[in-house]
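Here the structure comes first, spelled out in structure tokens, and everything after it is commentary.
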Amino acid sequence: MSDVITYAPLLLQGLLITLLVTVLGAILMVVTAFTAGLARLSQHWWLRWPAGVFVEVFRGTSLLVQMFWFFFALPFFGFQLAPLTAAVLALGLNEGAYAAEIVRGTINSRAAGQTEACVALGMGRALRMRRVLIPQSIPAMLPSFCNVMVDLLKNTSLVSLVTVADLTFRGQMVRNTTGQTTAVFLTILVLYFVLSSLISLLMKWLERRFALDRRPKSRRDQPGPLVKAGMPV
């Protein structure tokens with residue numbers, strides 16, 4: 001265990017890379033999810049069909065194969081990607097394909113009365129999507145998005161296979177140097193668990209923050225001095 005503590009700065013460097021990949025992958029995942037999810041709801045086939053093909057391809061093939069394709073196969077077509085770029089693209093697009101179905105399904109599940117009310121008010125499709133349906137759908141999306149985010153974090157362990165020096169990559173280096181297999185991988189396990197717990201706490205805070213029944217705090221909601229003292233107003 002003392003050998004692992006000696007190599008703690010090396011593991012910390014890997015942890016920072018894992019955090020970077022997670023954050024960049026999450027940003028790409030959210031952008032991809034809303035782009036593909038809304039495109040699948042489009043009335044135009046030239047938006048709906050390509051989005052459907054994208055979702056099915058990235059959901060139906062292995063993330064590891066996709067990562068290898070971006071890093072090892074694209075150079076044959078004249079596109080050379082840095083290891084970090086290839087890893088973030090594969091993670092963000094793969095998880096974004098799953099999250100796109102969350103976006104599509106959640107918006108489709110909104111009560112029909114919402115759409116009928118918007119039509120009655122003369123709102124166009126784009127306006128009612130932007131002003132009513134998407135804002136009301138976001139709180140319902142957050143629990144499922146939390147699962148996708150945790151899955152994205154865990155899948156960052158695959159980026160070591162395309163030479164990204166993340167936490168898993170550094171842990172294997174320490175293991176090969178010290179021979180402390182149990183201590184090294186127990187440390188990595190705990191770090192991934194802590195990061196997953198932090199993501200869950202963040203998403204739960206967002207759920208409370210964007211809850212539809214959340215009452216805004218304002219001065220008008222605060223009881224006056226007479227009410228506080230138990231006196232009639």
Take the stretch 110-204, compute every pairwise Cα distance, and split them into 5 Å bins from 0; I just need the percent in each bin.
2, 12, 15, 13, 11, 9, 8, 7, 6, 6, 5, 3, 2, 1, 0
Asserting the computed 222 nm helical MRE of the chain (DSSP H runs at least 4 long, -39500 (n - 2.57) per run, divided by residue count, to nearest 500) equals -23500 deg cm²/dmol
Heavy atoms of the protein only, probe of 1.4 Å, neighbouring chains included. What is the accessible area of L84 in Å², nearest 10?
60
Nearest 20 debye, what's the magnitude of the dipole of the chain about its Cα centre given +1 on Lys and Arg Cβ and -1 on Asp and Glu Cβ?
1100
Quick check: at a probe of 1.4 Å, how many percent of the accessible area of the chain sits on carbon and sulfur atoms?
66
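Mind pulling up the Rg/Rh value for the stretch 1-127? Radius of gyration and Kirkwood radius, both on Cα.
A ratio of 1.16.
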Given the options L195, L19, L121, state which has the largest fluctuation in a GNM of the chain using a 10 Å cut-off (strictly under) for Cα springs.
L121
Just to confirm the number: angle between the C-alpha axis of helix 83-108 and the first principal axis of the chain, 0 to 90 degrees, nearest 10?
30
State the extension gain, in nm to one decimal, for the chain segment bounded by V57 and L20, taking 0.36 nm per residue of separation less the distance between their alpha-carbons.
10.7 nm
Taking the alpha-carbon centre of each part, the distance from the stretch 84-138 to the stretch 2-62 in Å is 18
Within the set A126, A97, A183, GNM on the chain using Cα springs under 10 Å gives the largest fluctuation to A126
Residues of the chain: accessible area per residue at 1.4 Å, in Å²?
59
Sorted peptide list for 33-43, 197-207, criterion being average Cβ within 10 angstrom, highest first
33-43, 197-207
If the convex hull is drawn through the Cα atoms of the stretch 61-147, its volume per residue in Å³:
127
(i) 0.96; (ii) 1.12; (iii) 1.07, with the label sought being that of the calculated Rg/Rh (Cα atoms, Kirkwood Rh)
(ii)
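The values are calculated or read from the model by the stated rules, or taken from the named source; none is laboratory data. Keep in mind it's a predicted model, so treat the numbers as computed, not measured. Cβ coordinates were reconstructed from backbone atoms using ideal geometry, including for glycine residues, and neighbour counts include every protein chain displayed. SASA here: full protein model, heavy atoms, side chains in, ligands and nucleic acids out. Shrake-Rupley method; radii C 1.70, N 1.55, O 1.52, S 1.80 Å.
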